[in-house]
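The structure appears below as structure tokens.
Readers should treat all values here as calculations from the given coordinates under stated rules, not as data from a laboratory. Just so you know, these numbers come straight off a predicted model, no measurement behind them. Cβ placement follows ideal geometry from the backbone for every residue including glycine, while neighbour counts extend to all protein chains displayed.
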Amino acid sequence: MILNRKSIIIILLCFIFINCSNKDSTTIYPTGFVDPSDSSGGSGGSGGSGGGDTTELDVQLMYPLDDQTKLFSTTWGAHQRTFIVHVPPNFDSNYSIPLLFVLHGYTSSATAIHSYSGFDQIADQENFIAVYVQGTTDLTGTTGWDVNVVGTFDGVDDVGFFKALIQYFKTDYNINSDKIFSCGMSLGGFMSYRLACELEEINGIGSVTGSHAVYYTCNPPNKKNIIHFHGNADAVVPYYGTSWSVPVETVHDFWANNNNCQDQSQITVPDFNNDGLQSTQFISYNCDENTDVVLYKMEYEGHTWFHQDWGDDLNSSELIWEFFKDK
């Protein structure tokens, strides 16, 4: 059997991503195939990737994790899907509030990123709903997303599933349609970018160590708010790109051009951890529709979710929501 270049890259990724972050490596709630031979090929109902009407989801409560946090299950195409929903205290569906999807990395789980990201606490303080969505499990038993990076997830209609999820939360939770966001770690960052590229409903996304896939063409339906954190010493998803991943600053420029941003500033991030290294924040502003595109280039940082308690200069979760809250 002769392998083409893309196949070789995919095989290498299956090894590289396995230990991409010791903060994002536990799989507790994997979601597998309902029927691998299902002729739908992974799409659910009439809603293909990014367009058209979507079939209403039949969502079932699996069990509560606490008074404000519950694990739910549904079926989309050939896959059973699960997601954790955290609502703030005194949530009242008579009043619309923002929605934030939080997406795990390759080989990881919704439970893992729910644990380490700290978005429950931020949601309680800032009054939004946090939803931690589980990716699918491929035939090797590995979790991930269909983002044109790992070929074993090709054909999974993740975009269509998120479109259906958005409609579900609009109907059952009365979310604010103008404040729907997504963020993610690593492959979850790739997936958040894909949602920005294909779903008009997504107002903005945050990526922590993710990027655009080289084998994917992004055609955004509207302007987006973008915030990105990436270590320039990341050996898993390199800052300067690879044959399968677009350089991070190229991604920043793409969205700045998409938003017709007129100006860019460069700011040195304070050395809060006193390690003698200072990171850089790039901000593209004066963009159409009051959007902004922000990039944190984390000096000599690797493949991680950034948190001051772990020795980093900043908290990516806090800054992601600080960026989103006024959008």
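Hey, can you grab everything whose amide H is under 5 Å from the amide H of C287? Only 5+ residues off in sequence or another chain; H modelled, so Pro and N-termini drop out.
Q262
So how do 304-311, 86-93 stack up, highest first, on mean other-Cβ count within 10 Å?
Taking the mean over residues of other Cβ atoms within 10 Å, the ranking is 304-311, 86-93.
Taking the highest mean first, how do the peptides 67-76, 191-200, 170-179 order by number of other beta carbon atoms within 10 angstrom per residue?
191-200, 67-76, 170-179
Between the DSSP loop rule and a limit of at most 16 other Cβ atoms within 10 Å, which trypsin sites (Lys or Arg not before Pro) in region 213-321 are left?
Filter output for region 213-321: empty list.
Between N274 and C218, how many nm apart are label points set 7 Å from Cα along the C-beta direction?
That separation, rounded to one decimal, is 3.8 nm.
Report, in listed order, any pair from K70/K224; K170/K327; K163/K325; K297/K327; K223/K297; K170/K325 with a Cα-Cα distance greater than 20 Å.
Result: K70/K224; K163/K325; K297/K327; K223/K297 exceed 20 Å.
What dipole magnitude, in Debye to the nearest 20, does region 266-327 give about its Cα centre under +1 on Lys/Arg Cβ and -1 on Asp/Glu Cβ?
The dipole magnitude comes to about 120 debye.
Return F190, F169 ranked ascending by Cβ neighbour count within 10 Å, so the fewest neighbours appear first.
Ranking F190, F169 by Cβ neighbours within 10 Å, fewest first, gives F169, F190.
Please report the net charge: other residues with Cβ closer than 12 Å to the Cβ of L319, K and R +1, D and E -1.
-3
For region 29-324, what is the charge dipole size about the Cα centre, in debye to the nearest 20, if Lys and Arg each add +1 at the Cβ and Asp and Glu each add -1 at the Cβ?
420
Considering only G210, H228, T55, whose Cα is most displaced toward the positive end of the charge dipole of region 29-324, charges sitting on Cβ of Lys, Arg (+1) and Asp, Glu (-1)?
T55
Please list, in order along region 73-82, the HN-Hα scalar couplings obtained from phi with the Karplus expression 6.51 cos²θ - 1.76 cosθ + 1.60 (θ = phi - 60°), rounded to whole Hz, x for Gly and Pro.
Those phi angles translate into 9, 8, 10, 10, x, 8, 10, 7, 10, 10 Hz.
Normalising by the residue count of region 53-94, find the relative contact order in percent from Cα pairs under 8 Å and 6+ residues apart.
The value is 29 percent.
Where Lys and Arg each count +1 and Asp and Glu each count -1, what net charge lies around A256 among other residues with Cβ under 14 Å from its Cβ?
-4
In nanometres, what is the gap between the two model label sites at Y63 and D288, each 7 Å from Cα along Cα-to-Cβ?
Rounded to a tenth, the inter-label distance reads 5.0 nm.
Go through region 255-269 residue by residue and turn each phi into a ³J(HN,Hα) via Karplus (6.51, -1.76, 1.60, θ = phi - 60°); whole Hz please, and just put x for glycine and proline.
Ordered by residue, 3J(HN,Hα) equals 6, 5, 5, 4, 8, 6, 6, 9, 9, 9, 10, 10, 10, 7, 7 Hz.
For a quick check: with amide H placed at 1.01 Å from N, whose amide H comes under 5 Å from S211's, ignoring anything fewer than 5 positions away on the same chain?
Excluding prolines and chain starts, which carry no amide H, the hits are F190.
With an 8 Å cut-off on Cα pairs and a minimum separation of 6 or more residues, tell me the relative contact order of region 29-324 in percent.
Computed value for region 29-324: 14 percent relative contact order.
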